[in-house]
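Following: one structure in structure tokens, then a few remarks.
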DNA sequence: CGGAATCCTCTTCGATACTG
DNA sequence: CAGTATCGAAGAGGATTCCG
């Protein structure tokens, strides 16, 4: 919280980049933030979304990030004896950094090894970040990918992917994580409806959403290819 | 260079943020990039600009970043038996990430401990990043801060700070690093000419540049304060 | 002198086991 | 469920040495 106070190793430079990295430059820190961008989470949810993290490292990072004011611990009130972690505005202010980093790192999605962990929501986050402002009237769509639930909605004029199903959402896309990666990464633009996606509810709303996500991602990919 | 191939520890996730961090998430990596944004540098220049880095870590990072296509080694041709490191387009494509991170981390400049290392160019980079597009007709200005030479010029419609004096630049600002930090960080907007800066050449050009840098930085600081 | 490799110590990480 | 305890392995910091 206090300026310049960071746990762990610091760079010791009066430079905004170095000072920022003192806070979010430690291993796993930014990925914890990524998880919390999808909504508040419990300790075990985070472990689940960060394959390979050790519980002690996760606990240490959460303590540190809380201490620095990027997230808060909430004791859930009644029936559930649970603690949830939630981003503060200061943590949420990392959004542009995350979006740019996702854009920069997206070219590594192509050719990614076969044995990398995959989550549907990671890809939905990436596609939402890559896609520009959505057309007016686009509606929230639920996704169930390999049984994992998420939804994509408009927040602040841009698309954002969140965990869990949105309430009062009447459109749902079901399919496999693998297929979504295929559709997104494939150099050839596949028709939105082409994949093995099963759509429930308003097919037109689902198509609009899928089309915007895929088109935006593909166009971004195109521009990376030409620049790199 | 190849997708997903990173030296050292990897996250093993098919997510653009995790894959990006596999490349630039290691300690010192982003600060090496920051140094190279100011122009090509030799090994010892980098050591000088990264106080506390070990020579073996620096050598390892340079090897890794070269291998991944973010920078290149150049054998300088004739008289100097020197090697310079230079960003590739892929490395330079990190600019938006750096700018956003500098913006996010800038609030930690206020209240920074007294014993942090300071460099005039770090602050000039930060101010250039914070300041919006400069007015038409702004001219490149040289800075000599505590004997350290840099210059600020327009690149791609925005200000950018580089190491060394610009050639054919007729305006020079001289002063101390400490004073520039004071002027930038002070909550009260000090008049550009107020500090102990000595201006040589076209005073008006220097004032325009200082005014734009300081005003831009202060306005950015204001918006951080209100948001956080 | 620039550009490292080597050696040593210390910290951090990853994995597993354990506990309120 | 939400962490803490522990321990071997990997990475980082610092100094010294080496080589062209």
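Here are the numbers for this structure:
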read-out: Sorted peptide list for B:55-61, A:101-107, A:34-40, criterion being average Cβ within 10 angstrom, highest first; value: A:101-107, A:34-40, B:55-61
read-out: Residues B:215, B:171, B:140 arranged by fewest to most Cβ contacts within 10 Å; value: B:215, B:140, B:171
read-out: Cβ-vector label at 7 Å, residue A:44, separations to other copies in nm; value: 5.9
read-out: Taking only Cα atoms of segment A:1-126, radius of gyration then Dmax in Å; value: 15.4, 47
read-out: Cα gyration tensor of chain B - equivalent ellipsoid semi-axes, whole Å, descending; value: 31, 22, 16
read-out: Highest-fluctuation residue, A:127, A:98, A:110 considered, GNM on chain A with Cα pairs under 10 Å; value: A:110
read-out: Angle in degrees between helix B:203-227 and the longest Cα principal axis of chain B, rounded to the nearest 10; value: 70 degrees
read-out: Inter-copy label distances at residue A:135 (7 Å, Cα→Cβ; nm, one decimal); value: 4.3
read-out: Other-copy label distances relative to residue A:168, 7 angstrom Cα-Cβ extension, nm; value: 6.3
read-out: Acute angle (nearest 10 degrees) that the helix B:120-130 long axis makes with the longest principal axis of chain B, alpha-carbon atoms; value: 90 degrees
read-out: For segment A:94-198, share of DSSP beta bridges that run antiparallel, in % to the nearest 5; value: 75 percent
read-out: Segment A:1-93, relative contact order [Cα under 8 Å, separation at least 6], %; value: 28 percent
read-out: Label-point separation in nm, residue B:204 to residue A:174, each point 7 Å along Cα→Cβ; value: 7.3 nm
read-out: Share, in percent, of DSSP beta bridges within chain A that are antiparallel, nearest 5; value: 85 percent
read-out: Average beta-carbon neighbours from other chains, 10 Å sphere, peptide B:106-113; value: 6
read-out: Average partner coverage of A:19-31, which counts Cβ from other chains inside 10 Å; value: 6
read-out: For segment A:98-227, the spread of Cα positions along each principal axis, largest first, Å; value: 40, 31, 25
read-out: Chain B: most fluctuating residue of B:30, B:109, B:94 per GNM, C-alpha cutoff 10 Å; value: B:109
read-out: Residue among A:45, A:115, A:136 with the largest mean-square fluctuation in a Gaussian network model of chain A, springs linking Cα atoms under 10 Å; value: A:115
read-out: Rg [Å, one decimal], Dmax [Å, integer] - the protein assembly as shown, C-alpha atoms; value: 23.4, 76
read-out: Efficiency of FRET between residue A:83 and residue B:182 - r from beta-carbon atoms, R0 51 angstrom, step 0.05; value: 0.75
read-out: Peptide B:91-103 - average C-beta neighbours from other chains (10 Å radius); value: 6
read-out: C-alpha long axis of helix A:55-67 to longest principal axis of chain A, angle in °; value: 80 degrees
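Read the figures in this text as sums done on the coordinates, not as results from a lab. Because the structure is predicted, anything quoted here is derived from the model rather than measured. All Cβ positions, glycine included, derive from the backbone under ideal geometry; neighbour counts span all protein chains shown.
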